[in-house]
Amino acid sequence: VRAYARQKAMKALDLGQEFDAPQFVLWGGREGTEVNGSMKLVDAHAWYREALDYLCQYSIDQGYGYTFALEPKPNEPRGDTFLPTAGSMLGFIETLEHSDMVGVNPEVAHENMALLNFPHVLAQVIDAGKLFHVDLNDQRFGRFDQDRRFASENPLLAFFAVLLLEEHYDGPLQYDAHALRTEDQEGVWDFVRGCMRSYLILREKVAAFKADLEVQEWQSAYRVEDERLGPLLEYSKSNASALKEASIDLAPLRERGIGLERIDQLAFEHLAGVR
């Protein structure tokens, strides 16, 4: 089975090369088991690692220049799935022989299925330098994979996802989503246009949000650097010693409002079109 899977993947890499595809996305969504007594839990991770090392080396030897993006999913169609979230994938990627060639393909619906905050997931993957690809759609929390039209369920989360993507990502935007089964052919195209139009609308809203003077004032007030203590946060033996002995007055910190309710409302007002 593993030999056939690698053969099929190599042929897919060959075919992708004919179309100048720069990247290969792998969804290991069926690489799971409900039977822990199979005694293959550790082996399965090793086999996936061996396969990725193999495919990376094949791409190198063929001169294809691929990067690989791994797509996590917590469950469905199986009851459990190995490497279920973007965080799991980040840990796994560091164990690969060619980890520099491999990143993550986070999907809105998949992370929502695990009850995670998609902008938080994006931020973690961006921070790790591993946002190689992204799947946009939408999802009701706690449900099985719905692949709804982008921003149709959680528009405020979609707003902040677009903000992060516009600031930190310049790759392809993949809409891994499906029209409602009630739609005719024209309805399907309405769905396709809706996914793309929603992103473009949110991109405009994000730009207005970032240009809002009140938002900028909040950000300036929120990101206050202490002239005395700030330099001590860069580690050296002397800085560590000085920081341990520093006098820090907690009273003003406890009394200081940081305006999170205000900024959350401002984001909503931009999204609602009233600012």
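Here are a few things to note about the model shown:
- Which listed residue is out of contact with any strand residue (DSSP E or B) (no Cβ under 7 Å at 6 or more places or on another chain) and exposed (fewer than 10 other Cβ atoms within 10 Å of the Cβ), from Glu186, Glu214, Glu204: Glu186
- Scanning segment 22-71 for residues that are in a loop (DSSP other than H, G, I, E, B) and among the basic types (Lys, Arg), we see that the one that is farthest from the chain's Cα centre (by Cα) is Lys40.
- Count of segment 206-227 residues which are modelled with pLDDT of 90 or more, in a helix (DSSP H, G or I) and of a type outside the set (A, V, I, L, M, F, W, C): 4
- Subset of segment 72-91 (residues that are part of a helix (DSSP H, G or I) and open to solvent by 20 Å² or more (accessible area, probe 1.4 Å)): Gly87, Ser88, Leu90, Gly91
- Verdict on Tyr235 being surrounded by fewer than 16 Cβ atoms within 10 Å (Cβ to Cβ), aromatic (Phe, Trp, Tyr) and either part of a helix (DSSP H, G or I) or modelled with pLDDT of 95 or more (or both): yes
- Within segment 121-158, being surrounded by fewer than 22 Cβ atoms within 10 Å (Cβ to Cβ), farther than 21 Å from Ser88 by Cβ and in contact with a Leu (Cβ under 8 Å, 6 or more places away or on another chain) holds for Pro155, Leu156.
- Residue in segment 55-66 that is nearest to Phe132 (Cα to Cα), counting only those that are out of contact with any Asp or Glu (no Cβ under 9 Å at 6 or more places or on another chain) and surrounded by 15 or more Cβ atoms within 10 Å (Cβ to Cβ): Tyr66
The values are calculated or read from the model by the stated rules, or taken from the named source; none is laboratory data. As the structure is a computational prediction, the values presented were derived from the model and not from experiment. With ideal geometry, Cβ positions are generated from the backbone for all residues, glycine too; neighbour counts draw on all protein chains shown. Surface accessibility is based on the protein's heavy atoms, side chains included, excluding ligands, DNA and RNA. Shrake-Rupley method; radii C 1.70, N 1.55, O 1.52, S 1.80 Å.
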